[in-house]
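Asker: Here it is: the structure, laid out below.
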Amino acid sequence: MKVSKLKSGQNVIIRLSELTDAEALVAFIHQVSGETDNLSFGPQEWTVAPEEQKENIKRFQEAPNQLCLIAEVDGRIVGNLTFRGGIRSRTQHVGEFGISVLKEFWGSGVGRLLLESLLEWAKQSKVIRKINLKVRSDNDSAIYLYKKLGFKEMGTLTREFLIEDTFYDCLCMGIEID
Ligand SMILES: CC(C)(COP(=O)(O)OP(=O)(O)OC[C@H]1O[C@@H](n2cnc3c(N)ncnc32)[C@H](O)[C@@H]1OP(=O)(O)O)[C@@H](O)C(=O)NCCC(=O)NCCS
């Protein structure tokens, strides 16, 4: 658990998710999915029940190459980052993450703090050697943030998203962990 200051001066706690977060995490994901078109699912498409989410959190806690981080301000979940490494020996060192922050906290520094914790955890894990991500190629603030933290562009996947009859490309980005 780490306490930091946001640009606003508010305290934010970055910590591992716990089983007791399940219900609030489901509500958080419902909210953010309605606040952005930059995620791979839209509002109401997240159909995970709190009990199921509890099982997901348990799996994150048990796997050495998985991570579920929560950003909390005044007892409220304002950000979440999940990372999953591969399940077989040839791919357990590499994985992809997803990150989301409540709209009212965009630009506040929550995303950077979550990513810094991911990188710190990966370096200490002795398992993770590469972190990948996919980001919509017009998601400027996310791409700016990833580059600032050392992620490099690895290529473009065309037509990766289809939202209301429009295709969107995604950039593949990654960082090697040594
Ligand atoms: C992407 C996301 C996780 C970033 O979290 P955040 O808390 O807003 O990130 P931070 O505040 O730490 O950093 C954002 C940076 O982008 C900058 N930024 C904001 N808008 C920008 C723009 N249009 N172009 C370039 N940079 C921009 C901010 O100034 C900030 O940089 P700074 O700290 O150097 O000033 C968050 O905006 C989010 O959840 N978006 C919706 C979901 C999403 O896009 N998830 C990622 C999918 S790959």
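Asker: Limited to the range 17-55, what total is found for residues that are free of Cβ contacts under 8 Å to residues at least 24 places away in the same chain, over 28 Å from Thr166 (Cα atoms) and not small (Gly, Ala, Ser)?
Answerer: Summing the residues that are free of Cβ contacts under 8 Å to residues at least 24 places away in the same chain, over 28 Å from Thr166 (Cα atoms) and not small (Gly, Ala, Ser) in the range 17-55 gives 3.
Asker: Just wondering, is there one or more residues in the range 91-100 that are touching a residue at least 60 places away in the same chain (Cβ under 8 Å), in contact with a helix residue (DSSP H, G or I) (Cβ under 8 Å, 6 or more places away or on another chain) and of a type in the set (Gly, Ala, Ser)?
Answerer: The answer is yes; a qualifying residue exists.
Asker: Then there is this: Please work out if Asp169 is within 15 Å of the ligand (Cβ to nearest atom), open to solvent by 100 Å² or more (accessible area, probe 1.4 Å) and within 25 Å of Gly42 (Cβ to Cβ).
Answerer: Judged against the criteria, Asp169 is not a match.
Asker: Mind checking which residues of the range 72-88 are among the small types (Gly, Ala, Ser) and touching a Ser or Thr at 6+ places or on another chain (Cβ under 9 Å)?
Answerer: Hits for the range 72-88 are Gly79, Gly85.
Asker: Looking at the range 19-42 only, could you name the residues that are within 18 Å of Arg84 (Cβ to Cβ) and assigned to a loop (DSSP other than H, G, I, E, B)?
Answerer: The answer is Leu39, Ser40, Phe41.
The values are calculated or read from the model by the stated rules, or taken from the named source; none is laboratory data. Since the structure is predicted, the reported quantities are computational estimates derived from the model, not experimental observations. Cβ atoms come from the backbone with ideal geometry, glycine included; neighbour counts cover every protein chain shown. We work out accessible area using only protein heavy atoms, side chains counted, and drop any ligands, DNA or RNA first. Shrake-Rupley method; radii C 1.70, N 1.55, O 1.52, S 1.80 Å.
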